[in-house]
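Each remark here refers to the structure printed beneath this line.
The values are calculated or read from the model by the stated rules, or taken from the named source; none is laboratory data. This one's a predicted model, so the numbers in the text were calculated from it and none came from an experiment. Backbone-built Cβ (ideal geometry, glycine too); neighbour counts: all protein chains shown. In case anyone asks, the SASA skips ligands and DNA or RNA and just uses the protein heavy atoms, side chains included. Shrake-Rupley method; radii C 1.70, N 1.55, O 1.52, S 1.80 Å.
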Amino acid sequence: QVQLVESGGALVQAGGSLRLSCAASGSIFSINVMGWYRQAPGKERELVATIISGDSTIYADSVKGRFTISRDNAKNTVYLQMNSLRPEDTAVYFCNVWSRSDVGTPSYAYWGQGTQVTVSS
């Protein structure tokens, strides 16, 4: 099992910045993919950004140029630096990790509990 602990969500004014963190712990042999999703009230969960081992990144069009995803492999931690925040960025942000517990075993997806980001206009 893998546990994910998220932090950094807050209330911020439009144009402000926040940095989310997600630390993974537990039965981890390797982490292939780390990412962030978000879900606004009444909407489906959507991909915000993901980073693959080797530091290849993918961003949603709505956050390109404003958000930056990064990871610290030594700490099994993924970060999301969010700049120029907009009211439409308001959502619960979830950390997502694909991890395997041993060599040759399949990877499984794990989710954090979510952290609230609220951007006021």
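A few points about this structure:
- Phi-based couplings in Hz for region 106-121 (Karplus 6.51, -1.76, 1.60; Gly and Pro marked x): x, 8, 10, 8, 10, 10, x, 7, x, 9, 7, 10, 10, 10, 8, 8
- Student exercise, the chain dipole from Lys, Arg, Asp, Glu Cβ charges, in Debye to nearest 20: 120 debye
- The distance linking region 70-119 with region 1-66 is 3 Å (Cα centroid to Cα centroid, whole angstrom).
- The GluC sites (Glu not before Pro) of region 24-111 meeting both criteria, a DSSP state outside H, G, I, E and B (loop) and at most 13 other C-beta atoms within 10 angstrom of the site's C-beta, are E44.
- GNM top mover of G104, G16, G26 - the chain, alpha-carbon springs below 10 Å: G104
- The chain - percent relative contact order, Cα under 8 Å, separation 6 or more: 36 percent
- Averaged per residue, the chain has 52 square angstrom of accessible surface, using a 1.4 angstrom probe with ligands and nucleic acids left out.
- Looking at region 49-94, none of the chymotrypsin sites (Phe, Trp or Tyr not before Pro) sits in a DSSP loop with at most 11 other Cβ atoms within 10 Å of its own Cβ.
- Two-decimal Rg to Rh for the chain - Kirkwood Rh, Cα set: 0.98
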